[in-house]
Amino acid sequence: MMLEPIDAAGVRGILHRPPARNGDAFALTHSAGSNANAPLLARMAEALAEAGYLVLRYDLPFRIARAKGPPFPAQASKDREGIARAVGALRKLAPGRLFAGGHSYGGRQTAMAAAENRALADALFLLSYPLHPPNKPEQMRTSFFPALRTPTLIVHGTADPFSTPEELRAAVAAIPARTELFAIAGAGHDLKNAPAAAGAILARFRALVCYPEN
């Protein structure tokens, strides 16, 4: 596998070039408290690249603007613009389907961008969707769900304080697109053990997006 730094036209990240490409690609971004070098993103990108996908893990605009600190809610639209730029740059490198997603805030903003622009990605890959703040189930982050028409896989830990799997299953019923939940027993919001289950996660994702049988 080859790793290639990318820093041009408002897109900053690391491109994972697989040893044998299948033509499809993933664009993955980080949580509110992290960056493109987050261990979870790096390890998932490695697993996907080993399976033949071209993978870009990239920084959102708020993280490009400053090395530390959370995003500003009032500027979330700029992060979604950054997602569109990253996806657009990756499309130039991959002839096949493009899948987009990320961890927590990054996945949420990617899903919102897909709801705003159905052509953004062929499917979504969301790690630990932050359904509501911890201990605040009344503050649901679901207003855009009825507009989301992109097939979606959500990987979620059963010990995630941002929602239980049961809450998430109930909430995603509002999404018109095919949406599936892959629960990881005992995992928290950081999904530290998700890369160990990468094979099973990828199998579920491939079924979601209807890969042909070998």
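Key figures
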item: Residue pairs meeting the criteria (Cβ under 9 Å; at least 6 apart or on separate chains; first without any contact (Cβ under 8 Å) to a residue 40 or more places away in the chain, in region 6-35; second among the charged types (D, E, K, R) and in a strand (DSSP E or B)); result: Arg17/Glu4
item: Residue satisfying condition, being surrounded by 15 or more Cβ atoms within 10 Å (Cβ to Cβ), touching a residue at least 60 places away in the same chain (Cβ under 8 Å) and not hydrophobic (A, V, I, L, M, F, W, C), within set Asp190, Asp160; result: Asp190
item: Failed item, numbered, when Arg108 is tested on (1) within 25 Å of Leu148 (Cα to Cα); (2) more than 14 Å from the chain's Cα centre (by Cα); result: (2)
item: Residue match in region 66-74 (condition: part of a helix (DSSP H, G or I) and under 23 Å from Ala8 (Cα atoms)); result: no
item: Selection within region 63-93 - acidic (Asp, Glu) and either in contact with a strand residue (DSSP E or B) (Cβ under 8 Å, 6 or more places away or on another chain) or buried (at least 21 other Cβ atoms within 10 Å of the Cβ) (or both); result: Asp79
item: Of all residues making up region 8-37, the number that are of a type in the set (A, V, I, L, M), surrounded by fewer than 22 Cβ atoms within 10 Å (Cβ to Cβ) and either at positive phi or in a loop (DSSP other than H, G, I, E, B) (or both); result: 3
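Since every read-out is calculated from the coordinates, none of them should be taken as a lab result. Please read these numbers as outputs of a predicted model, since none were measured by experiment. Methodologically, a virtual Cβ is constructed for each residue, glycine included, from the backbone with ideal geometry; neighbour enumeration extends over all protein chains shown.
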